[in-house]
1. Mind listing just one residue for me: the one in region 151-185 that is over 20 Å from P106 (Cβ atoms) and not in a helix (DSSP H, G or I) and, of those, modelled with the highest pLDDT?
2. Quick check on region 69-81. Is at least one of its residues surrounded by 10 or more Cβ atoms within 10 Å (Cβ to Cβ) and touching a strand residue (DSSP E or B) at 6+ places or on another chain (Cβ under 7 Å)?
3. Just checking, how many residues over region 126-145 are surrounded by 11 or more Cβ atoms within 10 Å (Cβ to Cβ) and outside any helix (DSSP H, G or I)?
4. Would a scan of region 110-121 turn up a residue that is within 18 Å of G79 (Cβ to Cβ), hydroxyl-bearing (S, T, Y), part of a helix (DSSP H, G or I) and at pLDDT 95 or above?
5. Quick one: is L105 at pLDDT 90 or above, closer than 30 Å to H181 by Cβ and in a helix (DSSP H, G or I)?
6. Determine which member of the set P149, P100 is assigned by TED's automatic domain parsing to the domain that holds W87 and without any contact (Cβ under 8 Å) to a residue 12 or more places away in the chain.
7. Report every pair of residues separated by at least 6 positions or lying on different chains whose Cβ atoms are under 9 Å apart, first residue within region 44-70 and assigned to a helix (DSSP H, G or I), second at pLDDT below 80 and among the charged types (D, E, K, R).
Amino acid sequence: MVRVHQENLLRKGRRGQVEESFVKLVQVLELVSVQGVEVLTVLALIIKVNKENKMILKDVLESYKKKTGTASTISRQLGFAGIAIIWLFVSQYGEIFNIPNELILPAILIVISLAFDLLQYVVGGLIYGIFNTKMKKLGFKLESEVVFPGYLNRPALIFYYSKIITIFIAYGLILSFLISHLNIN
């Protein structure tokens, strides 16, 4: 079991963590032999501690960026798919298009969600761009390590959560429309 953990850490490029884990394991095993406690019990505790999903903060940030980026992509695709679903129920009389009343609100919400999607990236880009410019004016180099205040990202986060919520509401309304118009015999 320890060997598997060691191989996983090595595969992830964390040699220092492997060495640190082994040092701790050796210390615990030496303590165990002195105290007379069962080795299997201690190993079970070590395995339990390692299963608590401890992560390096940089890995947490990378995971966050990947997941929110994927959620944004899916939200955008759902927006376009929602418009396509609504379009299936549009009827045309000459030059006039008629959208069922129950689908007008979902269509508006989808457009709002797509606008929130754009605003999230525009506002986020502006915030990071302005922050970068100010740091350069203060004498920081591009390679300098700086602290980015979390509160500066709040406007972009508000747009992120708003687009997700509006797309969920829109799809709830579309689903309600589809269920009410299903003709199941």
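1. For region 151-185, the residue satisfying everything is N183.
2. So far as region 69-81 goes, no, none of its residues is surrounded by 10 or more Cβ atoms within 10 Å (Cβ to Cβ) and touching a strand residue (DSSP E or B) at 6+ places or on another chain (Cβ under 7 Å).
3. Count: 1.
4. Taking every residue of region 110-121 in turn, at least one turns out to be within 18 Å of G79 (Cβ to Cβ), hydroxyl-bearing (S, T, Y), part of a helix (DSSP H, G or I) and at pLDDT 95 or above.
5. The answer is yes for L105.
6. Working: P100 fails: without any contact (Cβ under 8 Å) to a residue 12 or more places away in the chain.
Criteria check complete, one pass: P149.
7. Cβ pairs passing all conditions: I46/K24; D59/K12.
The values are calculated or read from the model by the stated rules, or taken from the named source; none is laboratory data. Predicted model only: the values in this text are computed from it and were never measured. We place every Cβ from the backbone using ideal geometry, glycine too, and count neighbours over all the protein chains shown.
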